Every structure is written in C-alpha cells, then in structure tokens.
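First the structure, in the form of structure tokens, and then the observations on it.
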Amino acid sequence: MREGTGFGSGWISGVVSATLGLMGLGAVACLHYPELLTTPNLREVYPLGFIRGLIHFVLITAFAFGVLSLVLRKDKRLGAVGVTAVILASLWGGAGVATPERVLAAEYIGLDFFLLDLFVLALVFVPVERLYPRIREQKIFRRGWRTDLAYFFTSHVLVQALLLVTAAPAAFFFRWAIDSEFQRAVAAQPGWVQFLAMVVAADFAGYWIHRLFHMIPWLWRFHAIHHSSTEMDWLAGSRLHIFDIVVTRAWAFVPLYALGFAPGPLTAYLVFISFHAVFVHANVRFRFGRWKWVLGTPQYHHWHHSAEVQDRNFAIHLPVIDWVFGTLHLPGEEFPGRYGIDGEEVPENFLGQLRYPLGKS
Ligand SMILES: [Zn+2]
Ligand SMILES: [Zn+2]
C-alpha cells in the first residue's frame, strides 16, 4: 500500500528536507564558483554575511527535517536525499566556504538567481495558495510540476543569454538613439512616471505580439506550450517555449530601449513584471473589486488560459488594452471552469514540448 502524504506521515518533512538540502548544496556550489554560477548584478548587492547565515539555516533545517522524515516514514527516499545533500554540502565546506578572488568571467549561468527566486517565490506562494486557494483540491505537486520546474530552471540559469538576445533587436534598430536629447528627457522624468510609461509601452507592444502568437498557426504551436497547463499555480506561468520567451521579450523591449529609461526605474519595472507574471498564474481567489479593471489580476489572466473561452485577455498588466480592442473577458468574480487546450495533444515533458512546435502539424 502507498504511504500517505498527510501531516505526521513524514512526507511533508521529507519534501522540505529534499528541497532545502538540494538548494543548500546548490548555494554552496555558488560560493565555490561565483564567477561561473552567479549573476554579476546580484553578486554586487548580496549582503554576504546574511546569505551565509541563510545557507547555514537552510542546511540545518534540511537536516533536521530529513531525520524526522527518516524516523516517521517507511519510504526513506525523500529523507535520504535531504540528509545526503546536507552531508555533501557540509563536506564541501558548507556556508563557510571562502569566496575566491573576484574573476570577471564573461559568461555565467544564473544558478544563484534560480535558487533565490525559487526560495522566495515558494516561501510566498506555497502558503498563500494553501490559505486562499481558488481550487482547494489542487496539490502543490500537481500534474506537470516537474516540467514547469524545468522551465523555471532554464529561464533562470540562462539569464545572461536571454538578456543578450532580448536586447539585440532593439539595439540593432535604435542604437543611434542612445543618449539622444529625447532619451535624456525621458530619463529625467520622475521615477514613477517612467515606471508607468514602461508598463504602458511594453504592455501595448506585448499585447500585439501575444495576439499574433494566437493568430498565426506556426507561432501558435510555440505558444500552445504555455496554454497546455491544465492546472494553474504560481509555477505554471514559467511554462513558455524558449522561442516564445525570446520573441516576446525582444519585441516588448524595443519601446523601452528606444525611449531610454533610467536604470533605476527599469530595474523596478523588471522586478515588478517578474513578480506579477508569477502572481497572475497563481491558484488564488483574491478579489480586487474595481481594481481588477486597472491591473491584471489572477482572474483576468486565468480567463486567458480557459479551455472554453478562447482568445481573450492578451495584455498582461492593463485590461484596458483588451477593452479598447474588443478582447476583454472579465465576468463578475467568476473563474474559468477548465484550463488548457482542447483538441491539441501537447506532450507532457520538457524535451517533448521543446520539440513540439518543430514537428508535423
Ligand atoms: Zn496566450
Ligand atoms: Zn499565462
């Protein structure tokens, strides 16, 4: 008989232990090879003492929960993974590893970005989705979560490559505008004005590229991946074909690059959009009253993923754009009954989905 997953079964402690243990091991790897495994922008602002304390805390917690799971549960796999990861991380130097002299490597992968973002988002969204679920029966480890985690992993570790290709088309067309009088005037505006201008400009551009991805059959085969999730949660939004990410971001970045916003508001905007993108997919039932007409809510974007109502809510931040172009669907407080795409067999696994758009239609 399969062991249960309820409180007291050692499953929760096992999951916590395995997750934190592997993350702690990854963090120790980042301490060993910061030039290769960490993102320069993040590296510059890390409070290293705090980060070391956090890694230490994560490893100790993983170990304690691992032991608990090993005691409580007959199936020892989760506990063993957690405890083994902690032992390996400790033998490798643990949180106290001396970071080597800074070498400025040209290429890096954002392992730190992946670990930190996953840690923070899971810490926020797992409890919130338990406390205020839109669909109570939905599990944390619902169908397709491994696939979505693979997307989350790739889009984070490839952060440098994605930044490069995102900026390339905009730079190609608008390099001449850099530091022009016009751009200086834009960058001199108050931060919040620049922030709002970015939201409007990028969402307007994003609306049209998103609509094209729905309308043009060969583009749809790429975007169908994002719509293949049948259960929505904070991780589901990560499911995006790499081609979809590159084209959409590069396109939406063109107005931002051309207008030449200041680095501060631009950073604030990037943090906001990445959090918002996670939030609108979340399995939460918050109500926003009139504000739902102002800013994209989970209800608004969930309708975009509806299996029954198609081709609605193409914008991400501003429902008013959909209203203007006649594609808005936001009925009362209602959510869709089902998610996904009817009549299209998208594979379940990451590699299958990567190949899917290239196959025969
Ligand atoms: Zn879509
Ligand atoms: Zn979505």
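Laid out as a table, the results:
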{"item": "Test: residue in region 275-297 that is open to solvent by 50 Å² or more (accessible area, probe 1.4 Å), more than 22 Å from residue 123 (Cα to Cα), within 15 Å of ligand 2 (Cβ to nearest atom) and not charged (D, E, K, R)", "result": "no"}
{"item": "Test set (1) farther than 22 Å from residue 317 by Cα; (2) within 13 Å of ligand 1 (Cβ to nearest atom); (3) not in a helix (DSSP H, G or I) - residue 240 fails condition number", "result": "(1)"}
{"item": "Unmet requirement for residue 250, which otherwise passes all of (1) more than 16 Å from ligand 1 (Cβ to nearest atom); (2) open to solvent by less than 20 Å² (accessible area, probe 1.4 Å); (3) more than 17 Å from residue 210 (Cα to Cα)", "result": "(3)"}
{"item": "Helices (runs of 4 or more DSSP H) fully within region 97-177 counting 1 or more residues that are more than 23 Å from residue 23 (Cβ to Cβ), in contact (Cβ under 8 Å) with a residue 12 or more places away in the chain and open to solvent by 60 Å² or more (accessible area, probe 1.4 Å)", "result": "159-174"}
{"item": "Which numbered condition residue 216 fails, given (1) open to solvent by 20 Å² or more (accessible area, probe 1.4 Å); (2) in contact with a Phe, Trp or Tyr (Cβ under 9 Å, 6 or more places away or on another chain)", "result": "(2)"}
{"item": "Criterion (β-branched (Val, Ile, Thr) and within 27 Å of residue 158 (Cβ to Cβ)) met by exactly one of 58, 67, 16, 71", "result": "58"}
{"item": "Residue that is nearest to ligand 1 (Cβ to nearest atom) [pool: residues in region 178-199 that are part of a helix (DSSP H, G or I) and surrounded by 15 or more Cβ atoms within 10 Å (Cβ to Cβ)]", "result": "199"}
{"item": "Check on residue 173, within 16 Å of residue 244 (Cα to Cα) and either assigned by TED's automatic domain parsing to the domain that holds residue 297 or at pLDDT 95 or above (or both)", "result": "no"}
{"item": "Verdict on residue 329 being within 15 Å of ligand 1 (Cβ to nearest atom) and part of a loop (DSSP other than H, G, I, E, B)", "result": "yes"}
{"item": "Test: residue in region 299-306 that is away from ligand 2 (no atom under 15 Å from the Cβ) and either surrounded by 15 or more Cβ atoms within 10 Å (Cβ to Cβ) or at pLDDT below 95 (or both)", "result": "no"}
{"item": "Subset of region 267-311 (residues that are part of a helix (DSSP H, G or I), small (Gly, Ala, Ser) and within 16 Å of ligand 1 (Cβ to nearest atom))", "result": "277"}
{"item": "Which listed residue, of 226, 210, 214, is in contact with a Gly (Cβ under 9 Å, 6 or more places away or on another chain), part of a helix (DSSP H, G or I) and either away from ligand 1 (no atom under 12 Å from the Cβ) or on the phi < 0 side of the Ramachandran plot (or both)", "result": "226"}
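The values are calculated or read from the model by the stated rules, or taken from the named source; none is laboratory data. The shown structure was predicted, so the numbers you read here are calculated from the model rather than taken from an experiment. Virtual Cβ from ideal backbone geometry, glycine too; neighbours counted across all protein chains shown. Side chains are part of the model used for accessible areas, which takes the heavy atoms of the whole protein and leaves out ligands, DNA and RNA. Shrake-Rupley method; radii C 1.70, N 1.55, O 1.52, S 1.80 Å.
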